[in-house]
1. Can you tell me which of VAL162, VAL108 is free of Cβ contacts under 8 Å to residues at least 60 places away in the same chain, out of contact with any Cys (no Cβ under 8 Å at 6 or more places or on another chain) and assigned to a helix (DSSP H, G or I)?
2. Is it true that THR117 is β-branched (Val, Ile, Thr), more than 22 Å from MET82 (Cβ to Cβ) and surrounded by fewer than 17 Cβ atoms within 10 Å (Cβ to Cβ)?
Amino acid sequence: MNKTDKKTLEEIIRVDHAGERGAIKIYEGQLLALKTFKQDEDLKKKIEEMKEHEKEHFEFFEKEINRRDIKPTRLLPLWDIMGVALGFGTAMLGKKAAMLCTASVEEVIDDHYKNQTYKLKEDEKDLKKKIEKFRQDELDHKDIAYEEGATKKGLYKILDNVIKTSSRIAIAISEKY
């Protein structure tokens, strides 16, 4: 039987655990801005719905971390702060920026999850199925973000690049540490 390398498996679970928690923190930051400074009930509802999916994903990886005795990334506290700050900041910039944040992160996660499915072997087909399901949820979030006004025109292109680059760096670090 073709087995997934232990190190690869630990990296996949560690980074996905951190990423799903990061998504929750981004949405929490956006909701904080929407509840305190920006009054947009429609946007708040959509973000709360997407946050619920992220909580489902996070809870799955939290169980995997514990069940498989994998150490989470040591940088979770930093990612928490940065996630809330990113979410809060993009929501304060307005609906287009908040939705671009979701779209940009989800585009990175789409590639990330797709690449992980190639690394998982027959012994991890259940994990692979979960990641494929979560990837589809993330693609749905990206579609919602564009439907709600995400754009990469003008200065938003710079924001898109910053968010994507930051996400890729966080992924690379969280896999290893």
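Since every read-out is calculated from the coordinates, none of them should be taken as a lab result. In this text, all values refer to a predicted model and were calculated from it rather than measured experimentally. Ideal geometry is used to build each Cβ from the backbone, glycine not excepted, and the neighbour counts take in all protein chains shown.
1. After applying the criteria, what remains is VAL162.
2. For THR117, the condition - β-branched (Val, Ile, Thr), more than 22 Å from MET82 (Cβ to Cβ) and surrounded by fewer than 17 Cβ atoms within 10 Å (Cβ to Cβ) - is met.
Results for (1) surrounded by fewer than 16 Cβ atoms within 10 Å (Cβ to Cβ); (2) in contact with a Phe, Trp or Tyr (Cβ under 6 Å, 6 or more places away or on another chain); (3) basic (Lys, Arg), shown as yes or no for each residue.
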{"residue": "GLU147", "(1), (2), (3)": "yes, no, no"}
{"residue": "LEU159", "(1), (2), (3)": "no, no, no"}
{"residue": "ARG168", "(1), (2), (3)": "yes, no, yes"}
{"residue": "LYS176", "(1), (2), (3)": "yes, no, yes"}
